[in-house]
Amino acid sequence: MNTSAFNTRASEHPGDMAAWLRAHAETNDSQLRRVHRNLKRAIREELTERQRTMLLMRYSQGFSMARIAKELGVNRSTVSRTLARANKRLERALKYSF
C-alpha cells in the first residue's frame, strides 16, 4: 500500500478541515459595509421618486404588489414594471460594488 501523505480518504479529516477553515477565514464585513453604503446611495441617486416609493413599500414595509397598486391608485402591472426597472437600475449601479 502506498503511504504517501496525499493518500488519505476524503472522510478522514473533514471536521478538522472545517474547523481550520472557520478559524482562518477572513470576514467580509468591510465588503458588506461598502455594498450597503453603495446601495443607499444608488437608491437615493439612481431611482426616480416613484421607483423609490414602490421599492421601499415592497421591501421595507413588505407590501404585496396588489397592495402597493391599491395604495398608489395604479394597476398591479404598473407596479411590477416599475419595480423591475428599479431593480435593473440598482443592478447596473451596483455591478462593480462587489
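The values are calculated or read from the model by the stated rules, or taken from the named source; none is laboratory data. Given the structure is predicted, the values throughout are model-derived calculations rather than measurements. Glycine also receives a Cβ, built like all others from the backbone with ideal geometry; neighbour counts cover every protein chain displayed. Side chains included, ligands, DNA and RNA excluded: accessible areas come from the protein's heavy atoms. Shrake-Rupley method; radii C 1.70, N 1.55, O 1.52, S 1.80 Å.
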Which count do you get for residues in the stretch 56-97 that are assigned to a loop (DSSP other than H, G, I, E, B) and more than 21 Å from ARG37 (Cα to Cα)? 6
Output the residues belonging to the stretch 29-55 that are touching a Lys or Arg at 6+ places or on another chain (Cβ under 9 Å) and either in a helix (DSSP H, G or I) or among the basic types (Lys, Arg) (or both). ALA42, ILE43, ARG44, GLU46, GLN51, ARG52
Using beta carbons and a limit of 8 Å, which pairs, at least six apart or on different chains, have the first residue in the stretch 45-56 and more than 10 Å from ARG85 (Cα to Cα) and the second one not in a helix (DSSP H, G or I)? LEU55/LEU47
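Among the residues of the stretch 44-76, write down those that are hydroxyl-bearing (Ser, Thr, Tyr) and open to solvent by 80 Å² or more (accessible area, probe 1.4 Å).
Taking the stretch 44-76 first, the residues hydroxyl-bearing (Ser, Thr, Tyr) are 48, 53, 59-60, 64.
Answer for the stretch 44-76, where residues must be hydroxyl-bearing (Ser, Thr, Tyr) and open to solvent by 80 Å² or more (accessible area, probe 1.4 Å): TYR59, SER60.
Quick one: which residue in ALA19, ALA84 is modelled with pLDDT under 95 and either small (Gly, Ala, Ser) or touching a Ser or Thr at 6+ places or on another chain (Cβ under 6 Å) (or both)? I'd like the intermediate steps shown before the answer.
Numbers: ALA84 fails: modelled with pLDDT under 95.
Exactly one of ALA19, ALA84 is modelled with pLDDT under 95 and either small (Gly, Ala, Ser) or touching a Ser or Thr at 6+ places or on another chain (Cβ under 6 Å) (or both), namely ALA19.
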